[in-house]
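A.B. asks: Have a look at this one.
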Amino acid sequence: MLSVILPNRIRLAVVTETWPPEVNGVAHTIAHLVRGLRELNEYKIQLVRPRQLTDGEPATDADFEEYLVSGLSLPFYKEVRVGAPQFFALRQQWKKQRPDIVQIVTEGPLGYSALRAAKSLGIPVFSDFHTNFDQYSQHYHLKYGFELAGRYLRHVHNQTLRTLVPTTELINQLADNGYKNLGILERGIDAKLFTPEHRSQTLRAQYGIGKDQLLVVLVTRMAQEKNLDLAFEAFRAIQQSQPDAQFLLVGDGPERARLAALHPDCIFAGMQTGTALAEHYASGDLFLYASTSETFGNVIIEAMASGLPVVTYDYAAAHKYIDSGHNGYTAPFNDSQAFIQGAVALANQPELRRQIGIQARQTAQQLSWESVVLRLDTIIKSLLSEVNHETSASA
């Protein structure tokens with residue numbers, strides 16, 4: 001049964017170039033936020049996103065509608081699609097049905113054109129900072145790409161009323177680089193899905209893993225910016241003391257074929273979602289995450305919620321939630337030898353791994369998407385109140 005839309009519901013247009021069933025941190029996060037806002041029964045949400053191959057007719061409900069646009073693949077990363085510019089189409093659409101506020105989730109052609117369309121109509125806009133595309137440019141041999149991408153991202157975000165980021169650490173980093181009007185919106189975890197209870201001896205047996213055999217796990221998008229060669233280097237170091245250790249990699253991406261050819265003895269499980277993903281996490285014994293390009297790193301708290309000791313670098317989600325030696329292990333940023341040493345040390349101490357896994361689970365249980373949604377709701381209402389106050393003052 002459709003809910004009745006009350007006249008005072010907030011009309012929110014959410015513009016994103018990624019959405020489930022695409023599997024990445026941004027799609028995962030924005031889907032949780034949109035679902036949570038809908039459950040508050042105070043919003044009428046228009047989702048503006050590129051059409052996917054699996055799409056049928058755009059979704060339409062009393063409190064939710066989709067506006068699907070054409071998309072295109074990045075030439076250097078074909079697995080990632082962005083939306084085509086839609087300035088005139090969105091301007092016309094929003095003239096007919098004006099949003100109260102627009103949220104720009106991604107900064108690609110669709111996001112930027114939506115920003116311009118909203119500003120041309122005097123519609124307030126806020127934005128999210130999810131991905132360090134300027135850092136990604138260093139991994140794809142794009143000359144001058146780092147500097148140009150940084151200038152572009154700063155230009156986009158500084159035109160919005162607020163840019164939401166997940167950690168204070170990132171706020172300080174962006175502020176030092178000239179970003180303005182920054183605010184915190186943390187990330188949540190579905191601790192009922194990601195839990196040690198999903199540990200499966202059947203799954204381990206399917207992969208040929210014995211009950212007492214060490215299974216190292218990595219869940220990631222397989223791309224250059226994820227620093228995957230270091231994760232394999234750490235695993236090979238583990239094998240020096242534990243020859244029967246096995247490495248299970250979950251995910252897909254442009255680097256998978258190269259890595260599978262280099263490491264035919266490792267297990268490449270491909271993309272997993274839902275309960276299957278939760279089982280792959282919980283069935284491991286140690287989680288290695290060597291990425292140096294995260295704005296947050298959802299997989300870190302998913303692994304912690306699953307009861308896994310995590311070895312990673314001391315920044316983003318790890319800096320915020322891991323007390324090294326207590327509920328995980330963090331190496332100084334970009335210190336590859338410390339990363340490898342931490343991985344080997346935990347691999348060789350099963351009782352310490354067990355204790356750290358228990359503490360990691362307890363930390364992750366304190367997080368919830370419900371609290372994050374309520375924080376977003378407060379931010380949106382605060383921004384609208386500010387805009388209305390300024391409008392009244394200038395009238």
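The values are calculated or read from the model by the stated rules, or taken from the named source; none is laboratory data. The structure presented is a predicted model; accordingly, all values stated were derived computationally and were not measured. Cβ atoms come from the backbone with ideal geometry, glycine included; neighbour counts cover every protein chain shown. Accessible surface is based on the protein model in full, side chains and every heavy atom, while ligands, DNA and RNA are left aside. Shrake-Rupley method; radii C 1.70, N 1.55, O 1.52, S 1.80 Å.
A.B. asks: Over the stretch 339-395, with the other protein chains present, what is the accessible area per residue in square angstrom, probe 1.4 angstrom?
C.D. replies: Roughly 55 Å² per residue, with all protein chains present.
A.B. asks: At a threshold of 8 angstrom on Cα-Cα distance, excluding pairs fewer than six apart, so keeping six or more, what relative contact order does the stretch 227-277 reach in percent?
C.D. replies: 34
A.B. asks: For Gly325, enumerate residues with amide H under 5 Å from its amide H, sequence gap 5+ or separate chain, H modeled in the peptide plane.
C.D. replies: Thr330
A.B. asks: Which peptide among 42-52, 216-226, 332-342, 381-391 comes first, and what is the full order, when sorted by highest mean count of other Cβ atoms within 10 Å?
C.D. replies: Numbers: 42-52: 20.3, 216-226: 23.1, 332-342: 16.7, 381-391: 13.2.
So the order, starting with the most tightly packed, is 216-226, 42-52, 332-342, 381-391.
A.B. asks: Relative contact order for the stretch 262-338: what is it in percent, counting Cα pairs under 8 Å that are at least 6 residues apart?
C.D. replies: On the way: 86 pairs, mean separation 18.7, N = 77.
Taking the mean separation of contacting Cα pairs over the length of the stretch 262-338, I get 24 percent.
A.B. asks: Can you list residues whose amide H is under 5 Å from Leu47's amide H, if they're 5+ apart or on another chain and H is modeled 1.01 Å from N?
C.D. replies: Those qualifying (amide H under 5 Å, at least 5 residues apart or on another chain) are Val14, Glu65, Glu66, Tyr67.
A.B. asks: Sticking with this structure for a sec: Hey, with R₀ at 56 Å, roughly what FRET efficiency would Ala257 and Ser385 work out to, going by the Cβ-Cβ distance, to 0.05?
C.D. replies: Numbers: r = 52 Å, r/R0 = 0.92.
Plugging the Cβ-Cβ distance into 1/(1 + (r/R0)^6) gives 0.60.
A.B. asks: Once the piece of chain linking Gln362 and Leu193 is laid out straight, how much longer is it, given 0.36 nm per residue of separation minus the C-alpha distance between them?
C.D. replies: Working: separation 169, 0.36 × 169 = 60.84 nm, distance 1.45 nm.
Between Gln362 and Leu193, full extension yields an extra 59.4 nm.
A.B. asks: Additional query: Over the chain, what is the percentage of antiparallel beta bridges among all DSSP beta bridges, to the nearest 5?
C.D. replies: 10
A.B. asks: Given Lys119/Lys320; Lys44/Lys96; Lys119/Lys226, which pairs have Cα atoms separated by over 27 Å? Provide the component values of the computation, followed by the final result.
C.D. replies: Details: Lys119/Lys320 35 Å; Lys44/Lys96 15 Å; Lys119/Lys226 35 Å.
Flagged as over cut-off: Lys119/Lys320; Lys119/Lys226.
A.B. asks: So which aspartates and glutamates can Lys192 reach, going by Cα to Cα under 18 Å and dropping same-chain residues fewer than 8 places off?
C.D. replies: Leaving aside aspartates and glutamates fewer than 8 places away in the same chain, those within reach of Lys192 are Glu279, Glu302, Glu370.
A.B. asks: Let me ask another. Remind me, relative contact order of the stretch 293-358 in percent, using alpha carbon pairs under 8 angstrom and six or more residues apart? Write down the numbers at each step before the final one.
C.D. replies: Working: 81 pairs, mean separation 20.7, N = 66.
Relative contact order, the stretch 293-358: 31 percent.
A.B. asks: Quick one: dipole size for the chain, taken about the Cα centre, charges +1 on Lys/Arg Cβ and -1 on Asp/Glu Cβ, in debye to the nearest 20. The partial results should precede the final answer.
C.D. replies: Details: 36 positive and 41 negative charges, 196 e Å.
Taking the Cα centre of the chain as origin, the dipole is about 940 debye.
A.B. asks: For the stretch 227-237, take each phi angle, set θ = phi - 60°, evaluate the Karplus expression 6.51 cos²θ - 1.76 cosθ + 1.60, and give the result in whole Hz per residue in order, putting x for glycine and proline.
C.D. replies: Per residue, the Karplus-derived 3J(HN,Hα) values read 6, 5, 4, 5, 4, 5, 4, 5, 5, 5, 5 Hz.
A.B. asks: Here's something else I'd like to know. If amide H atoms are built 1.01 Å from N in the plane of the peptide, which residues on other chains or at least 5 residues away come under 5 Å of the amide H of Leu214?
C.D. replies: Those lying under 5 Å, H to H, from Leu214 are Gln246.
A.B. asks: Quick one: pull the percent of accessible area on the stretch 242-395 belonging to carbon and sulfur, 1.4 Å probe, ligands and nucleic acids left out. If you can, show how the numbers build up before the last one.
C.D. replies: Values: 3110 of 6200 Å².
Summing carbon and sulfur atoms, their accessible area is 50 percent of the total for the stretch 242-395.
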